[in-house]
Amino acid sequence: APGGARATVLTIGGDWQWKAWDHFFDALKTGEPGLRKAFGVGLFEYLAAHPDDSALYDEAMMGFYSAVGPNVVAAYDFSPFTAVADLGGGTGTLLAAILRANERLRGTVFELSYAAPRARETIEKLGLAARCDVIEGDFFKAVPSGYDVYILSHVLHDWNDEQALAILRNCRAAVGKDSRLLIVEAVLPPGDTPHPGKLIDLLMLTVTGGLERNADEYGHLLEAAGFTLTRVVPTGIPQSVVEALPVQ
C-alpha cells in the first residue's frame, strides 16, 4: 500500500511491539521501556539483531513521517546554508527532501552501521550521491564537525532527558559559532489540548523509554547543553522545527 501502511501495521501491530506493551504498566511505574523488559535490550539493539523487523521498521517510519520532508522544507528556509548534517537520519528521506529543494546544499546522513546501508540506497536511488555522504557513527560518542546546520529529526523523543542531554552536548562540542541546531519533533501544547504527540508519548514510553516534550522542556534541555532556543517554527503537520543557536 502507498505510504508504508502495510509496514506500519506490521511494525506497530507486530508481535515484538505487542510484547513491549505487555509491560506498559511497569513502564508507567518505573520509566523503563517495556521493550527492554520483554527482550532484555533497547529498541536499536533489538533492530540491529533482527534485520527483517528492522527493514519493516524503516519502511514504516518512511510512511509514518512521509510528510515531514515537504513540510519542513516549506516551513524553514535552508537557502542561506551550505552544509547540513542529519544526525540519526534513518533512511535519509528528510535530508533528501532538503537537498532536492536547495541545489547548492551538501549533506551528510550520520547513522549507526546497521542503518547506514539503507540511507546510502535511498540517496543513490534519488540521484543525490554527488552531494550527500553517509557517515557511520554513534551520536552518543561524538558528532562530526564542519556543518552549518545540524538536524535531529525524531531522535530526542526516543530518549529520556539524561540521554537526550548527552546527545545535545555532543552536538554542542561539534557545532561552529554560527551553526544552527534544528530539532524536528512534535512539540506538545500545554494542558489537555489535544495533540497526536500525546498518544505517541505513550508509545515512546513503552517501546523506547523516551518521551514527547513541550517547548519549555526543550528550552531547558537546550540551555543545559549550551544552546539557546531561538524559535519554534510550526509546519503543516504535528511536527515543528525547534531552532537553537550555541551559546557563545
Hey, among G34, G14, G42, which residue is of a type in the set (G, A, S) and without any contact (Cβ under 8 Å) to a residue 60 or more places away in the chain?
G14
Quick check: anything in region 189-209 in contact with a strand residue (DSSP E or B) (Cβ under 9 Å, 6 or more places away or on another chain), within 28 Å of P80 (Cα to Cα), part of a helix (DSSP H, G or I) and open to solvent by 30 Å² or more (accessible area, probe 1.4 Å)?
no
Selected residue [among the hydroxyl-bearing types (S, T, Y) and farther than 17 Å from T93 by Cβ] from Y46, Y57:
Y46
What's the total number of residues in region 149-173 that are over 11 Å from the mean Cα position of the chain (by Cα) and open to solvent by 10 Å² or more (accessible area, probe 1.4 Å)?
10
Give the residue that is farthest from T91 (Cα to Cα), with candidates limited to residues of region 1-33 that are in a helix (DSSP H, G or I) and of a type in the set (G, A, S).
A27
Residues of region 69-95 classified as open to solvent by 10 Å² or more (accessible area, probe 1.4 Å) and assigned to a helix (DSSP H, G or I), total:
7
Which numbered condition trips up T108, out of (1) open to solvent by less than 10 Å² (accessible area, probe 1.4 Å); (2) assigned to a helix (DSSP H, G or I); (3) more than 19 Å from A7 (Cβ to Cβ)?
(2)
Can you list residue pairs whose Cβ atoms sit under 6 Å apart, with the first residue in region 222-248 being open to solvent by 50 Å² or more (accessible area, probe 1.4 Å) and the second being polar (S, T, N, Q)? Count only pairs 6 or more apart in sequence or on different chains.
V232/S240; P234/S240; G236/N71; L245/T228; L245/T230; V247/T228
Suppose we filter W21, W16 for residues that are open to solvent by less than 70 Å² (accessible area, probe 1.4 Å), among the aromatic types (F, W, Y) and more than 30 Å from R180 (Cβ to Cβ); which single one remains?
W16
Those residues that are at pLDDT 90 or above and more than 16 Å from L203 (Cα to Cα), I need them from region 4-45; list them, please.
F39, G40, V41, E45
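The values are calculated or read from the model by the stated rules, or taken from the named source; none is laboratory data. Keep in mind the model is a prediction, meaning the values are calculated, not measured. Using ideal geometry, Cβ is built from the backbone for each residue, glycine included, and neighbour counts are taken over all protein chains shown. Heavy atoms of the whole protein, side chains included, go into the accessibility calculation; ligands, DNA and RNA do not. Shrake-Rupley method; radii C 1.70, N 1.55, O 1.52, S 1.80 Å.
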